[in-house]
Amino acid sequence: MTARRAVRADEQSGRRVEKVGGIWRVGSLEAARQVLRARHQTTQAGFTAEFIPQGRMEHRPILISDGPVHDEQRSQIARFLAPAVVEERYGEMIDACADRLLDAVGVGGEVELHDLALHYTVEVTAEIVGLTHRSAQRGPVARDRAVRAMSRRLVAFFDQPPFDLSRKDLGRSGRQWARAAHKGLWPLLTFYLADVRPAIRERRRNPSNDVIGHLASQGWSSTNILVEAVTYGTAGMVTTREFICMAAWHLMTNPALAQRYVVAGARERLAILAELIRLEPVVGHLYRRTCAEIVITDGGVSHTIPAGDLVDVSVRDANADPLAMQDPLELCPARELPRGVRAAVLSFGDGAHRCPGETLALLEADVLLTRLLARNPQMLREPSIGWDDLVSGYELRGMAVVLDQG
């Protein structure tokens, strides 16, 4: 029996450690953590990192950089996402954003949850990254219009042809590459002109305590700030949006879980959300390229991975490793896990590239879901599940709800 809903029909699960078609497939939690923590022996190979040219950029985006440069970038940016900072500096803003969006739906109002979650996560991310400027701060109507426009530009980045990381050309035809360039460059240009450039100019005139303000103060070029803003903007929007929809789907179709969530304190609610994202990780696969030979073990069996090989860490498998936990496909908040393993397991990664936004993502989800459930939402239509190659994760679309209380 399984409570997991995001299951790919074309994906073979249950592999622990084996080489298939030239790629190492790792689904063992023990071995997966070893791969992700082999910081000096592997480099980032997911998110098409190996196909992004350095070009004129002095700074490689933090998501795909490695080594000392990555460590320095991460240490400087981490202060904006530290748990205490998130709650103290952004807590009221996040609360107000959730209330305003739900108030706009109103009693008896119907809303597509993926749209609501999109605008919510984009507004919160924009505030933290610094993608705000005077033209977007002229009252709630203008702000809402600006957020919706930014949301469309960020979503456009993901309207891309499919690809296969196991192939040198990503498995794309020449026509698909041309389409990818067109669909990527135009949103990038409009995002820069409408959102990033005004924010940079404002922060160079009036320094501010956000990511763009920090990068501008460090003398980063507009090109480098643009790429970093895209990285944070899309990462903050895409993964949190999908998780909010998935968590709402579970809560609204599991009355016992919803009742427990509604009456629980903050700590228990966050434990429920951590268990939900363990069961339903948004990013299903993490990829690394070995730059030196590494030896990983699974249950006492050793495997040697030569330098230059591609490793596919299956987060969905590792998060449900039956040798690491009991009833792994059931929903069990505060479940017993191996020593040193976080409640969300590998849903936010591990090692040098572990997502620094875990606290923010769970807080965002908790704030919106708490307020949503307080309005007695009724599901009109369950979502359909699609898949996105860039993050190797699910997309939930078409989930319609109506609010019974204001």
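Of the residues Glu336, Glu358, Glu330, Glu382, only one is within 26 Å of Ala264 (Cα to Cα), open to solvent by less than 50 Å² (accessible area, probe 1.4 Å) and of a type in the set (Asp, Glu); which? Step through it out loud before you land on a result.
On the way: Glu336 fails: open to solvent by less than 50 Å² (accessible area, probe 1.4 Å); Glu330 fails: open to solvent by less than 50 Å² (accessible area, probe 1.4 Å); Glu382 fails: open to solvent by less than 50 Å² (accessible area, probe 1.4 Å).
Going through Glu336, Glu358, Glu330, Glu382 in turn, the sole match is Glu358.
Being out of contact with any helix residue (DSSP H, G or I) (no Cβ under 6 Å at 6 or more places or on another chain) and either buried (at least 18 other Cβ atoms within 10 Å of the Cβ) or among the β-branched types (Val, Ile, Thr) (or both) is the filter here; which residues of region 258-270 pass it?
Restricting attention to region 258-270, the residues satisfying the condition of being out of contact with any helix residue (DSSP H, G or I) (no Cβ under 6 Å at 6 or more places or on another chain) are 259-260, 263-268.
Matches in region 258-270: Val263 only.
Which of the residues spanning region 313-357 are closer than 17 Å to Gly393 by Cα and among the hydrophobic types (A, V, I, L, M, F, W, C)? Passing the criteria: Val313, Val315, Ala318, Ala320, Ala344, Val345, Leu346, Phe348, Cys355. Selection within region 290-303: residues that are open to solvent by 70 Å² or more (accessible area, probe 1.4 Å) and not aliphatic (A, V, I, L, M). The member of this set that is farthest from Ala45 (Cα to Cα) is Gly300.
Within region 202-216, being without any contact (Cβ under 8 Å) to a residue 12 or more places away in the chain and not in a loop (DSSP other than H, G, I, E, B) holds for one residue alone: Arg205.
Given the structure, is Gln44 modelled with pLDDT under 85, open to solvent by less than 50 Å² (accessible area, probe 1.4 Å) and among the polar types (S, T, N, Q)? Explain how you work it out, then say what you get.
Numbers: modelled with pLDDT under 85: yes; open to solvent by less than 50 Å² (accessible area, probe 1.4 Å): yes; among the polar types (S, T, N, Q): yes.
So Gln44 fits the description; yes.
Here is the figure for region 302-340: residues that are more than 20 Å from Arg278 (Cα to Cα) and either touching a residue at least 60 places away in the same chain (Cβ under 8 Å) or in contact with a Ser or Thr (Cβ under 9 Å, 6 or more places away or on another chain) (or both) total 8.
Among the residues of region 182-193 satisfying the criterion of being among the hydrophobic types (A, V, I, L, M, F, W, C) and open to solvent by 40 Å² or more (accessible area, probe 1.4 Å), which is modelled with the lowest pLDDT? Spell out the reasoning first.
So in region 182-193, the residues among the hydrophobic types (A, V, I, L, M, F, W, C) come out as 185-186, 188-189, 191, 193.
In the following step, the residues that additionally are open to solvent by 40 Å² or more (accessible area, probe 1.4 Å) were identified as 185-186, 188-189, 193.
On the way: Leu185: 75, Trp186: 79, Leu188: 81, Leu189: 85, Leu193: 91.
Here the answer is Leu185.
The condition of being modelled with pLDDT of 90 or more, in contact with a strand residue (DSSP E or B) (Cβ under 6 Å, 6 or more places away or on another chain), crowded, with 17+ Cβ neighbours inside 10 Å and of a type in the set (A, V, I, L, M, F, W, C) holds for only one of Val122, Val105, that being Val105. The single condition from (1) at pLDDT below 85; (2) within 15 Å of the chain's Cα centre (by Cα) that Val227 fails is (2).
Of everything in region 236-287 that is outside any helix (DSSP H, G or I) and out of contact with any strand residue (DSSP E or B) (no Cβ under 9 Å at 6 or more places or on another chain), the residue that is farthest from Glu123 (Cα to Cα) is Asn254. The requirement of being in contact (Cβ under 8 Å) with a residue 60 or more places away in the chain, among the hydrophobic types (A, V, I, L, M, F, W, C), within 30 Å of Gln34 (Cβ to Cβ) and surrounded by fewer than 16 Cβ atoms within 10 Å (Cβ to Cβ) is not satisfied by Leu346.
The sole residue among Arg60, Arg89, Arg15, Arg33 that is modelled with pLDDT of 85 or more, over 21 Å from Ala361 (Cβ atoms) and open to solvent by 20 Å² or more (accessible area, probe 1.4 Å) is Arg15.
Matching residues to (1) closer than 26 Å to Asp366 by Cα; (2) open to solvent by 20 Å² or more (accessible area, probe 1.4 Å); (3) among the aromatic types (Phe, Trp, Tyr):
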| residue | (1), (2), (3) |
| --- | --- |
| Leu215 | no, no, no |
| Gln218 | no, yes, no |
| Asn224 | no, no, no |
| Gly233 | yes, no, no |
| Thr240 | yes, no, no |
| Phe243 | yes, no, yes |
| Met246 | yes, no, no |
| Thr253 | yes, yes, no |
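The values are calculated or read from the model by the stated rules, or taken from the named source; none is laboratory data. All figures in this text were calculated on a predicted structure; none of them were measured in a lab. Glycine also receives a Cβ, built like all others from the backbone with ideal geometry; neighbour counts cover every protein chain displayed. Protein only, heavy atoms only, side chains kept; ligands, DNA and RNA dropped before computing areas. Shrake-Rupley method; radii C 1.70, N 1.55, O 1.52, S 1.80 Å.
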